[in-house]
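The values are calculated or read from the model by the stated rules, or taken from the named source; none is laboratory data. Being a predicted model, the structure only gives us computed values, none of them experimental. Cβ placement follows ideal geometry from the backbone for every residue including glycine, while neighbour counts extend to all protein chains displayed.
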């Protein structure tokens with residue numbers, strides 16, 4: 001049976017891991033390669049590196065970070081943040097990423113999804129959607145949550161899938177960094193709209209939050225950062241908890 | 001004299017190369033058919049659309065068959081496993097290598113497609129060289145929408161709405177629908193096992 005995936009997210013700025021609250025107020029949380037190795041040992045199913053810098057120096061540091069992180073990592077690695085073009089995606093994949101996640105660039109140039117999926121396969125192309133509750137709907141935002149897009153989350157997810165995306169990484173801006181639980185309604189709305197897997201993100205605070213997003217949220221995977229960063233054995237304990245709750249988990253790492 | 005990893009334009013080979021090197025393999029990436037002549041083993045990786053295997057035309061099929069005839073082991077990964085079969089519904093006009101009878105089909109049912117993530121490998125009763133030391137129901141990482149049927153040469157099956165061949169093994173021919181290079185410790189063990197086959201075949 002296909003297991004639900006737990007994905008650890010490393011928000012990286014200038015080569016170091018940081019984690020923000022509602023996309024702001026960054027604080028340092030360690031070396032990405034060290035954290036990646038620790039998560040791998042603990043049984044994480046996948047890693048995502050999100051680059052939260054946009055400077056040229058930061059971008060170069062990112063490629064170096066990907067090389068270091070991927071060197072001893074034999075589980076899937078996704079990298080996102082600031083990917084604007086095919087060249088950006090190629091550099092990141094050549095550095096060792098298995099998947100790239102597109103956000104603002106996909107909103108601005110949806111054909112980039114198709115171009116990249118034709119070259120690298122759909123499995124390598126994740127479309128990240130940042131959504132916020134407003135006016136009884138889930139509005140899509142670009143540029144790290146600062147720019148309102150005209151699209152609605154489920155519609156955009158459907159379009160992204162049609163254009164060749166292999167997975168959707170769905171972040172609730174309202175919940176991001178709050179530790180108050182995933183937005184299960186948002187996740188269910190998007191997950192039921194597409195046939196491709198949906199990764200829920202934003203709001204993880206307790207093991208129950210994960211159980212909820214896998215059941216009522218219909219998520220195929222859940223991504224979190226700080227809940228894994230600041231305690232040892234967090235991944236193992238969470239997997240055992242979810243497994244006892246009947247959520248299919250990979251337990252043989 | 002090294003393991004030839006065939007680059008036929010189907011996605012990114014970085015992870016496969018990295019994982020093989022991590023378990024001590026001497027390998028090189030090749031893209032012309034003549035480079036198969038002195039290969040000790042052939043690895044056909046690949047992700048994406050079955051039509052990409054059209055680059056592996058008659059010349060390649062003949063050369064790979066000839067290599068097998070010389071006792072050179074063959075490992076197909078993901079699309080590479082599907083290529084071992086006669087063809088795929090994904091690109092009906094593109095012939096596979098045809099070593100294994102049967103055609104690949106699209107996974108369908110009340111489930112998410114592509115099949116992405118960690119799923120379990122149910123091993124058959126036959127002894128396996130690829131799975132030596134790996135228990136049945138071990139987890140492996142998958143990402144695909146099409147799958148190969150369960151046939152006599154199936155070594156492991158996995159179920160996502162339907163049961164399919166997650167690994168095949170016949171003589172020196174090996175195939176994995178999952179990605180050993182992304183399947184953690186068990187995956188690296190499989191690559192090590194394949195190296196042992198290669199060393200034994202030399």
Across segment A:66-84, what is the total count of residues that are assigned to a loop (DSSP other than H, G, I, E, B), within 22 Å of residue B:178 (Cα to Cα) and more than 10 Å from chain B (Cβ to nearest Cβ)? 0
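Let's see how each residue does on (1) within 17 Å of residue A:8 (Cβ to Cβ); (2) touching a strand residue (DSSP E or B) at 6+ places or on another chain (Cβ under 8 Å); (3) within 14 Å of another protein chain (Cβ to nearest Cβ):
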site: A:183; (1), (2), (3): no, yes, no
site: A:194; (1), (2), (3): no, yes, yes
site: A:206; (1), (2), (3): yes, no, no
site: A:223; (1), (2), (3): yes, yes, yes
site: A:234; (1), (2), (3): yes, no, no
Those residues that are out of contact with any helix residue (DSSP H, G or I) (no Cβ under 6 Å at 6 or more places or on another chain) and closer than 18 Å to residue B:74 by Cβ, I need them from segment B:6-19; list them, please. B:6, B:7, B:13, B:17
Return the residues of segment B:173-202 that are away from chain A (no Cβ under 12 Å) and either touching a strand residue (DSSP E or B) at 6+ places or on another chain (Cβ under 6 Å) or buried (at least 22 other Cβ atoms within 10 Å of the Cβ) (or both); say none if nothing qualifies. B:173, B:174, B:175, B:176, B:177, B:194, B:198
Just one listed residue, out of B:19, B:39, B:63, B:25, is within 13 Å of chain A (Cβ to nearest Cβ) and surrounded by 16 or more Cβ atoms within 10 Å (Cβ to Cβ), and it is B:19
Could you figure out which of (1) farther than 27 Å from residue B:26 by Cβ; (2) away from chain A (no Cβ under 12 Å); (3) without any contact (Cβ under 8 Å) to a residue 12 or more places away in the chain isn't true of residue B:150? (3)
Candidates B:157, B:143, filtered to the one that is under 15 Å from the mean Cα position of the chain (by Cα), surrounded by 23 or more Cβ atoms within 10 Å (Cβ to Cβ) and either within 14 Å of chain A (Cβ to nearest Cβ) or part of a loop (DSSP other than H, G, I, E, B) (or both): B:143
Residue pairs, Cβ under 6 Å, 6 or more apart or interchain, first in segment A:240-253 and more than 14 Å from residue A:207 (Cα to Cα), second exposed (fewer than 15 other Cβ atoms within 10 Å of the Cβ). List them. A:248/A:1
Positions within segment B:96-106 being surrounded by fewer than 18 Cβ atoms within 10 Å (Cβ to Cβ) and outside any strand (DSSP E or B), in sequence order: B:98, B:101
Residue list for segment B:109-119, restricted to those being on the phi < 0 side of the Ramachandran plot, surrounded by fewer than 16 Cβ atoms within 10 Å (Cβ to Cβ) and either at pLDDT 95 or above or more than 10 Å from chain A (Cβ to nearest Cβ) (or both): B:110
Strands (runs of 3 or more DSSP E) within segment A:85-174 that include 1 or more residues closer than 25 Å to residue A:58 by Cβ, within 14 Å of chain B (Cβ to nearest Cβ) and at pLDDT 90 or above: A:99-102, A:125-134, A:167-172
